Every structure is written in C-alpha cells, then in structure tokens.
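Have a look at the structure below before the remarks.
The values are calculated or read from the model by the stated rules, or taken from the named source; none is laboratory data. Here the structure is a predicted model, which means the values were calculated and not measured. So basically every Cβ, Gly included, is an ideal-geometry build from the backbone, and we count neighbours across all protein chains shown. Just so you know, the surface numbers come from the protein's heavy atoms only, side chains and all, with ligands and any DNA or RNA stripped out. Shrake-Rupley method; radii C 1.70, N 1.55, O 1.52, S 1.80 Å.
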Amino acid sequence: MSAIAVDPPVAAAPDPREAELIRRYAHAGPRYTSYPTALDFSPAFGAEDYIEALTRSNASGRPLSLYVHIPFCRRICFYCACNKIATKDTSLSEGYLSRLDREMVLTSRHLDTGREVRQLHWGGGTPTFLTLSQMSDLIDRLHARFGLSSASDRDYAIEIDPREANVLTLRHLQALGFNRISLGVQDLDPEVQRAINRVQPRQLTESLVEEAHRLGFRSLNLDLILGLPHQTRTTFAETLEQVIAMAPARLSIFNYAHLPERFKPQRRIDAGALPAPEEKLAMLMDTRERLDAAGYVHIGLDHFARPDDSLVVAQREGRLHRNFQGYTTHGDCDLVGLGVSAISQLDDCYAQNPTRLADYEAALDDGRLATQRGLRLTFDDRLRQFVILRLMCDLSLDLDAVSEHFQVDAPTYLADALTRLETAEHDGLIRRHGNFLEVTELGRLLLRHLAMAFDTRLATNRNHYSRIL
C-alpha cells in the first residue's frame, strides 16, 4: 500500500449544545467490560470457589472462550495502563509458557474438554513478543489441553504490535488458526509517537494491513488513542484519514486517561503537552463525523465497524456481547482466562489471577490454581449485569424483556435507576417509549454514564475510574 499524501476534509465546528452536554456528563465511570466491575472482586473468592464454578459450568454445555495474557513487551509505551513486563530477553517467556501449561492442565481437569473452543484471544503486553516457535508451542499446548476448533465460525484473535511483527508473522499466525487480528497504531504523527515512546512509521503499519487483506483475515481492527500529547484536531484528522484509507473492518478509538499516580510509565508524559479539553472534544466530534462519512457504524463507546462486519450484524440481531476484551459476537461462551492478571467469567462467577508475576508463578509452582480474587453474583447483580450489558450492546433496553427473563416487575425493581435517567432523557441522550429505552446518537458517546444509573455498587469505587471522555 503506497503512502499517499492526504488532505483531510475540513470538519464543521462542534455543535455548542452537544459539546456542553458532553462536558457535563463526561465525569469518571467504569467501562463496564463486566458488572460488577473488577474493583468489586473479593479475596474471599479463591481457587476452590473457581474450581466449583468450572465444574458447575459443565452442566450448561456452553462453548468456551479462552483468553491468554502474554505480559511481555520489549519497550514500554508511556501511555500504557496494561499489565506488562518490560524485557528484551525472549528466553524469559519459556518459564512463563511452562506455567501457562501447568495452569491449563489444572483448569482442564475440571472442564468437559469436549466443549467447543469457539473463541480464542491472545492479549498483553505484546503477544507477538513470542517467537514463531513459541507461538506454535502455545497453540499446541492449548489444543492438547482443550481441543481447539477448526469451525469456520470460530473467532481466534491476537493483538499485534506492528513493530514486533512482519508479513511472515501474519502468515504464521494464519497457519496456527488465527482469523482475526488487531494492530496497535495509536497515532501516525511522528511527534506524538516520540512523546509516547512508540515510534512506528506509517509504512510499517500499511505493509501489515496490506498483507492481512491479502491473506484474507476475517476481520482487521486498528487501535487509535485520542488525547495523547501533541495531538491536535488537525494532526488527529490526518491520522484518521490515513487509517480510513487502509480500510480496516473495525476501529477502536480509545480515550487516553492520564493517571500518572496509578500508572508509572505515564509519569514520562508531559502533562502540559496534552490537548486541552476543548481541543480533545473537537477531536472526538470530528472523529465521529469522519467515520460516519466513511461508512463506519458507531457500535457504542469507542468502537466503530463497517456495516457488513460481524459486530454490526450481531448488534442488529441482538446477539452482541461485551467482556474484558471489549465487544464480541460470542456471548454464549464461558470465558476462561489464563495467565497473569487474566479474568474468567463462568455463568454467575468472576475469577481473577494475580497481577504480580511472582504471585502467579508461586501458586502454580505449588501445584494449585492461581485464582487470587473473584465474585459470585447475587440475583441483583445478575439482573443489573443483564440490563447494563443489553444497554451497551443493543443501544436500547426492553424492560418487558427484563421482567420476563427475571420474573420481576422491572420498571418497579429499577425505579431508582429510571429516575436517575430522567435528566439524561431530558437532555436527549436517551428516549423512553413506555417500557422501552433507546440510546440516541449523542448518547452513544456517553454510554458509560447511562449504564451508571443501574450500578448500585458505584459509590464505593467512584474515585478509582477514569473520565468518560
């Protein structure tokens, strides 16, 4: 794909009323990749509780989704808030892969391994930190312990740092069975890249995108981040137009949350170089306008996809789901997380491994599962989980369906939440038609705020979340 100079179209000035509403509602709140959120997980929930959840899950016969966390990175990007370990020594991953296999063995003892592994996701860190042979070894171990699927509708995805991959990497991943890839781009402006310690020439990204298209990967996602140092409305528009020209099926455009007190690498970022709130808001509104003009559908939050992408189809058919990897089409799966910090979701339970590598290794070296904390949901948790999930995935909520599903009078049960939504309804973020709630176009940008109305655990953790925008 040749590099072509792009003159981004001039976007209209943000609507003053919309801008004011976004400023008013864009306070701190969860992303709701789960409800209850991970901040509510308790150390009272341990390995034995997780084993019981694994065993109970077999009765459902539900297919499996496997998440594997690879924490290693050769270089630290200053914006990053992920669980990662900086090292250039790939031999360190051998010990980690050995522990992963031990965790697989211990986990599979309690699972019916005849259940189809319909979804697989490798995240990080940088999964492409692994050598090609290590990737093959990990796939072989996963297949030996769980039995991987060759079905055409499987969803096997991996996150890729273009600086740690080439066309041979993509061909190898395809041979291993991956059919969906996500490339970290963040920004294509050289000054922004230097400020976040992620120098990544556009040609590098373009060459991988071109090869991914040629190989026929089912879906290609590109990650961007809005609000990085030295970004302006003009420079981000240039990045966005160049990315649109690469024609990815999906785009994730995350909001940068500057929390240097919590994430040490962010202390290397000059806070004075971050875009002002007004500039960041203009960038957001431009982004929505440009992607709409390019034919992308705003699924919700920071996710956009082409109209024929499986995420859009699933949303249209009411099958869209959301978990710790974001939006997904496989809500019918039990999620088993493997690796340091990984989270599992089995029916009415969440279970998380330690975030410190030493703690994860010590548990497995002791011959036990590494579950450090988790939660078993109450009836109220399960109802609110359902409501928040459907609101964020369907962009609507049918209270009659909630009543039928949980055998309650949902409008009465959720009366306090519906009262809290009245201001948002007045401001045009959501419309209510009897017992049916519908999120507006503007409301899609503020889904987190709308979901917070149903969150009864929020008061305890409010100060731990990033701003919505």
Cut-off under 5 Å, modelled amide H: who pairs with GLN186 long-range: ASP223, LEU224, ILE225
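What is the projected area of the convex hull of the Cα atoms of region 181-308, averaged over all directions, in nm²?
7.9 nm²
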Determine ³J(HN,Hα), in whole Hz, for all residues of region 364-372 in sequence, where each value follows from phi through the Karplus function 6.51 cos²θ - 1.76 cosθ + 1.60 and θ = phi - 60°; x replaces Gly and Pro. 6, 5, 8, x, 10, 4, 8, 3, 10
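Would region 31-78 count as rounded, prolate or oblate if I go by the C-alpha gyration tensor, calling it rounded below 1.5 in a/c and otherwise prolate when a/b exceeds b/c, oblate otherwise?
Verdict is prolate for region 31-78.
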Once all protein chains are kept in place, ARG214 shows an accessible area at probe 1.4 Å, nearest 10 Å², of 150 Å²
For the chain, with every protein chain kept in place, what is the accessible area per residue (1.4 Å probe, Å²)? 41 Å²
Return the distance in nm (one decimal) between the two label points of a simple spin-label model at HIS405 and HIS172, each offset 7 Å from Cα along Cα→Cβ. 4.2 nm
Selection from TYR50, THR90, LEU106 lying farthest towards where the dipole of region 49-110 points positive, charges on Cβ: THR90
Per-residue ³J(HN,Hα) for region 215-228, Karplus 6.51 cos²θ - 1.76 cosθ + 1.60, θ = phi - 60°, Hz, x for Gly and Pro: 6, x, 4, 4, 8, 10, 10, 10, 9, 10, 10, 9, x, 7
Per-selection Kirkwood Rh - region 56-189 (Cα, Å, 1 d.p.): 15.8 Å
With every protein chain in place, region 36-153: carbon and sulfur % of accessible area (1.4 Å): 51 percent
Sequence-distant residues sharing a close amide H with ILE299 (under 5 Å, placed H): PHE304, ALA305
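Please give the FRET efficiency for THR423 paired with LEU132, using the beta carbon to beta carbon distance and R0 = 51 Å, rounded to the nearest 0.05.
Numbers: r = 54 Å, r/R0 = 1.07.
For THR423 and LEU132, the calculated efficiency is 0.40.
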Over the alpha carbons of region 352-449, what is the largest minus smallest coordinate on each principal axis, giving the biggest first in Å? 57, 32, 20
Rounded to the nearest 0.05, what FRET efficiency is calculated for LYS88 and THR355 with R0 set to 25 Å and r the Cβ-Cβ distance? 0.65
About the Cα centre of region 138-216, what is the dipole size in debye to 20, counting +1 per Lys and Arg Cβ and -1 per Asp and Glu Cβ, all else neutral? 280 debye
Suppose we keep just the alpha-carbon trace of region 281-412; what are its Rg and Dmax in angstrom? 18.7, 56
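State which stretch of the chain is the longest one without any exposed GluC sites (Glu not before Pro), exposure meaning a DSSP loop state and at most 14 other Cβ atoms within 10 Å.
Details: sites that count: GLU261, GLU317.
Here the longest segment lacking exposed loop sites spans 1-260.
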Provide the FRET efficiency to the nearest 0.05 for the THR378-GLU210 pair, computing r from the beta carbons and using R0 = 60 Å. 0.75
Which value in nm describes the separation of the simple spin-label points at ASP308 and THR234, placed 7 Å from the Cα toward the beta carbon? 3.8 nm
In nm, spacing of pseudo-spin labels at ALA28 and SER42 (7 Å Cα→C-beta vector): 2.4 nm
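Of all accessible surface on region 169-208 at a 1.4 Å probe, what whole percent is carbon and sulfur? If you can, show how the numbers build up before the last one.
On the way: 680 of 1370 Å².
Here carbon and sulfur together make up 50 percent of the probe-accessible area.
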Expressed in angstrom and rounded, the centroid-to-centroid distance over alpha carbons for region 71-120 and region 367-423 is 31 Å
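Hey, what number do you get for the chain at 222 nm if only DSSP H runs of n ≥ 4 count, each worth -39500 (n - 2.57), divided across all residues, to the nearest 500?
Working: 19 runs with 182 residues, N = 469.
Dividing the helical sum by the residues of the chain leaves -11000 deg cm²/dmol.
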Quick one: give the max-minus-min coordinate of the C-alpha atoms of region 336-393 along each principal axis, largest first, in Å. 41, 20, 15
Can you bin every Cα-Cα distance in region 49-114 into 5 Å intervals starting at zero and give me the percent of pairs per bin, rounded to whole numbers? 4, 13, 19, 17, 14, 12, 11, 8, 2
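Per the 1.4 Å probe, what fraction of the accessible area of region 327-383, in percent, lies on carbon and sulfur atoms? Write out the running numbers ahead of the final one.
Values: 790 of 1910 Å².
Carbon and sulfur atoms account for 42 percent of the accessible area of region 327-383.
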Please report the equivalent ellipsoid semi-axes of region 317-356, computed as sqrt(5 x eigenvalue) of the Cα gyration tensor, largest first, in whole Å. 22, 11, 7
Would you grab the residues whose amide H sits under 5 Å from the one on ASP155? Only those 5+ places off in sequence or on another chain, please, with H modelled 1.01 Å from N. GLN119, LEU120
